[in-house]
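Take a look at the structure below.
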Amino acid sequence: MKEWNLVILTIIFTLSFSVKADDLNQIILGSEVDDILGSSKESSNSPFIVDGEPTDSVEKAKSSGEDFIFNHNVKEVSDKIDPKKQYKDVGYVSPGTFENQENYLELDKNAMAKGFRKVSEGALNLTFIKNDFSYTSTNDVINRTISEGYKSVKGGALFVRHDSYLVKSLLINAYWSLGAGLGYNSGRGIFSITGERSDTTFNLWEAPIDLGVGLEIPVYSWFKIAGTGGASGMFIMQNRSDYESSEKGKRKYQFGPGYFANAQFKINLTGFSGESAYDAFSTSEITNISMNLEARHHSYSNFNDAIEISGTSFGLGFTFEYL
């Protein structure tokens, strides 16, 4: 009897558990399962065709606008590269830029040097000209003082000139120039009556100012031949040692107008090595460094005193072209 009671209780417990599990949406053996993943809801607004959906009602619709636009209402774009700007902005790499980098771009220094040599904007000339000019004065007093006398000095002159290029081409360059110089001469004075040498020292300072135009002919990347000429004027200051600094007559100033002409044979020191040219450019934007053999001719007159200065003399100089 007890065995039958145990069987009946087991059946009742099993039936009640199945109902409870079904209420909690749990899957049990023998229950039906809805195919949720396999079902899909049709949407009339969907632009896509779902598997199993009929395609008989699908129609092509024309868009109000083009999906892609090619060459339509687009202005032509042109990129004009300034040959000077490309070297100023990205033409060189500063030393140390890639010190801590494993991979970097290896620049062709020779090709770079050929490029920036042709786009110089200006040049600075430093020149020393020996004083072989002639002086005409009353009783030839200037020549006898600074050229023949005891402790006479014809020190020459140091010139500084700036050239601004107007035209640069493969065959010829044109520029305008502005320059100035400073020269020093000295000697013992001479008594005009007896011709004897005085103990007084006379100093003659010369300061020419030049304004001109020039032409330059490049010969490959190694040499250049240049000629410059134009108007000039010279200030001279005479100083004598036997007067006190505040005494009248200690100094005498005069000015004389004239003209000048200058010829240069330039040896491009950076033209023989692209690597050296690149190194100079990367540190200072100097495109060419030249050593010059120079000749200068000038003529000045119409000073307050009867003085004329003229002639041709030679010297040595350097030119630094820059971007």
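Given a Förster distance of 51 Å, report the FRET efficiency between Asp242 and Asp279 from their Cβ-Cβ distance, rounded to the nearest 0.05.
Details: r = 55 Å, r/R0 = 1.07.
Calculated transfer efficiency: 0.40.
Grab the Cα-Cα distance for Leu126 and Tyr150, subtract it from 0.36 nm times how many residues apart they are, and report the gain in nm with one decimal. Mind dumping the intermediate values first?
Details: separation 24, 0.36 × 24 = 8.64 nm, distance 3.10 nm.
Value of the extension gain: 5.5 nm.
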Point-to-point label distance, Tyr322-Ala207, nm (Cα→Cβ direction, 7 Å offset): 2.3 nm
Spacing of the two label points (7 Å from each Cα toward its C-beta) at Leu182 and Leu215, in nm: 3.5 nm
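Taking only C-alpha pairs under 8 Å that are 6+ residues apart, what is the relative contact order of the stretch 110-322 in percent? Show your work: numbers first, answer last.
Working: 572 pairs, mean separation 48.5, N = 213.
Computed over the stretch 110-322, the figure is 23 percent.
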Sequence ranges 210-219, 245-254, ranked by mean other-Cβ count within 10 angstrom, highest first: 210-219, 245-254
Dimensionless Rg ratio for the stretch 110-322, taking C-alpha atoms and the 2.2 N^0.38 Å reference: 1.23
Across Lys130/Lys250; Lys130/Lys248; Lys168/Lys224; Lys168/Lys266; Lys151/Lys248; Lys151/Lys250, pairs whose alpha-carbon gap is larger than 23 Å: Lys130/Lys250; Lys130/Lys248; Lys151/Lys248
Potential lengthening between Ser134 and Leu158 on full extension [0.36 nm per residue; Cα-Cα distance subtracted]: 6.9 nm
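Read the figures in this text as sums done on the coordinates, not as results from a lab. This structure is a prediction, so every number in the text was calculated from the model and none was measured. Note that each Cβ is placed from the backbone with ideal geometry, even for glycine, and that neighbours are counted across all protein chains shown.
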